[in-house]
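Asker: My questions will all concern the structure given below.
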Amino acid sequence: MQRIAFKMFLKPGFEKEYKKRHSEIWPELKKLLSDTGVKDYSIFWDKDTNILFAVQKIYGEQSSQEIGIEPIVQKWWDYMADIMEVNEDNSPISIPLIEFFYME
């Protein structure tokens, strides 16, 4: 198991919509994440900067950021593109973070 963290960027004024969309995450996307080993996945929002901070445990070979070839992931990216900062393929701009400390 490995833990990864990354940050993404929410467009101003879309915090309620972002939270709503994630509270209604598509079952097939949730299943794909689980099937590929992504577990214990949390996303936090910094209201002062609109930065989204994500943490996940990975029990497989790929994080949620590495399964973008899957059609359901691409569909999710398209769905979220209007409220997040994205790349040309609509994948969220995502910056990996380096772990400096962990206490279990």
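Asker: Counting only residues that are of a type in the set (Ser, Thr, Tyr) and more than 18 Å from Met8 (Cα to Cα), how many does the stretch 26-76 have?
Answerer: Of the residues in that region, 3 qualify.
Asker: Still on this model: Evaluate the stretch 3-25: report whether one residue or more is surrounded by 13 or more Cβ atoms within 10 Å (Cβ to Cβ), of a type in the set (Val, Ile, Thr) and not in a helix (DSSP H, G or I).
Answerer: yes
Asker: Within the stretch 76-93, can one find any residue that is in a strand (DSSP E or B), exposed (fewer than 13 other Cβ atoms within 10 Å of the Cβ) and in contact with a strand residue (DSSP E or B) (Cβ under 6 Å, 6 or more places away or on another chain)?
Answerer: no
Asker: Could you grab me the full set of residues in the stretch 89-104 that are under 19 Å from Ile51 (Cα atoms), among the hydroxyl-bearing types (Ser, Thr, Tyr) and in contact (Cβ under 8 Å) with a residue 40 or more places away in the chain?
Answerer: Residue satisfying the conditions is Ser94 alone.
Asker: Taking the residues in the stretch 28-64 that are basic (Lys, Arg) and either part of a strand (DSSP E or B) or touching a residue at least 60 places away in the same chain (Cβ under 8 Å) (or both) as candidates, determine which candidate is surrounded by the fewest Cβ atoms within 10 Å (Cβ to Cβ).
Answerer: Top of the filtered list is Lys39.
Asker: Tell me which residues, restricted to the stretch 1-18, are more than 24 Å from Ile58 (Cβ to Cβ) and in contact with a Phe, Trp or Tyr (Cβ under 8 Å, 6 or more places away or on another chain).
Answerer: The answer is Glu15, and nothing else.
Asker: Which count do you get for residues in the stretch 68-99 that are closer than 18 Å to Ser42 by Cβ and touching a helix residue (DSSP H, G or I) at 6+ places or on another chain (Cβ under 9 Å)?
Answerer: Result for the stretch 68-99: 6.
Asker: Among the numbered criteria (1) over 22 Å from Lys16 (Cα atoms); (2) in contact with a strand residue (DSSP E or B) (Cβ under 9 Å, 6 or more places away or on another chain); (3) surrounded by 15 or more Cβ atoms within 10 Å (Cβ to Cβ), which single criterion is violated by Gly68?
Answerer: Among (1) over 22 Å from Lys16 (Cα atoms); (2) in contact with a strand residue (DSSP E or B) (Cβ under 9 Å, 6 or more places away or on another chain); (3) surrounded by 15 or more Cβ atoms within 10 Å (Cβ to Cβ), the lone unmet condition for Gly68 is (2).
Asker: If you don't mind, there's one more thing I want to ask. Out of the residues in the stretch 68-94 that are among the β-branched types (Val, Ile, Thr) and over 11 Å from the mean Cα position of the chain (by Cα), state the one that is modelled with the lowest pLDDT.
Answerer: Ile69
Asker: Restricting to the stretch 56-69, give me the number of residues that are farther than 14 Å from Ser34 by Cα and not small (Gly, Ala, Ser).
Answerer: 1
The values are calculated or read from the model by the stated rules, or taken from the named source; none is laboratory data. Please read these numbers as outputs of a predicted model, since none were measured by experiment. A quick note on method: Cβ atoms are made from the backbone with ideal geometry, for glycine too, and the neighbour counts reach across all protein chains shown.
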